[in-house]
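Values in this text are rule-based calculations from the coordinates and carry no lab data. Not measured: the values here are computed from a predicted model. Cβ sites come from the backbone with ideal geometry, for glycine too, and all protein chains shown count toward neighbours.
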Amino acid sequence: MGYVVIVGGGNFGKELVKRFVNEGWKVTLIDTDPNVCKEVTETYGIRTVNGDGTDPEILDKVEVEKADIFIAATPKDEINILSGFLAREKEAKKIVVRISNKSYGKILEKAGFEYILPEETSADFLFEKIFHPNIKNFWRFSDFYFIEIDVNKNLTIIGKKLKELNSDKVKVLLYKKDKLRKYKPDEIITEGMKIYIISKLEPIDLIKKWEA
């Protein structure tokens, strides 16, 4: 696996630490609260650095230039954006920034960042977004998921009919080419299409079946 640097040890940051550790990643957490650092180190056995994620010396200390993923996950947009730009200058490979003001999104995309909004901020959602970009969005209900999928060229379902995706656990509801349309069984799946699905499978398990 790779190396991830996470800035911010709040509930979301701790969720991320847990998920990455469970997946076998090398993880470093940066947080300004020494008690948080102590707790996370004792719980997960990872390296933590007590400091400010917007301090270039702290980023040097954690060797951010070696990071496969850098995630700025504090509750403050300005800290996350600044630390993201610093990580980019130091050549972290992938940068993800948590923001509460959606208007910053286009700016961050132009800068080459991925971003995540508070209503999306679960470790599960971020994992899907980072590692499976075909999953545009998903919503969890009591016993199923509603999933929005971007059909990109790495999916094996291109060229198939929509009805071929259906099973006892998966049902296609809508699709979008030029505009949103109701499900048509014989519609051919093409690159660039969006598909809206109800699934009893977790999004990551569903998309793995369709990835080349």
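For Lys182, are the conditions met, namely being without any contact (Cβ under 8 Å) to a residue 12 or more places away in the chain, surrounded by fewer than 12 Cβ atoms within 10 Å (Cβ to Cβ) and basic (Lys, Arg)? Talk me through it step by step, then tell me what you get.
Working: without any contact (Cβ under 8 Å) to a residue 12 or more places away in the chain: yes; surrounded by fewer than 12 Cβ atoms within 10 Å (Cβ to Cβ): yes; basic (Lys, Arg): yes.
It is true that Lys182 is without any contact (Cβ under 8 Å) to a residue 12 or more places away in the chain, surrounded by fewer than 12 Cβ atoms within 10 Å (Cβ to Cβ) and basic (Lys, Arg).
Go through the range 163-188 and count every residue that is hydroxyl-bearing (Ser, Thr, Tyr) and part of a loop (DSSP other than H, G, I, E, B). Break it down into steps so the answer makes sense when it comes.
The first filter runs over the range 163-188 and keeps only residues hydroxyl-bearing (Ser, Thr, Tyr), leaving 167, 175, 183.
Keeping just the survivors that are part of a loop (DSSP other than H, G, I, E, B) gives 167, 183.
Adding up the residues that qualify gives 2.
Among the residues that make up the range 38-50, is at least one of them crowded, with 24+ Cβ neighbours inside 10 Å, in contact with a Leu (Cβ under 8 Å, 6 or more places away or on another chain) and within 21 Å of Glu89 (Cβ to Cβ)?
no
I'd like to verify a number: residues in the range 139-162 that are in a loop (DSSP other than H, G, I, E, B) and not basic (Lys, Arg), how many?
Restricting attention to the range 139-162, the residues satisfying the condition of being in a loop (DSSP other than H, G, I, E, B) are 141-144, 151-154, 156-160.
Within this subset, residues satisfying the condition of being not basic (Lys, Arg) are 141-144, 151-152, 154, 156-159.
Residues that pass the stated criteria total 11.
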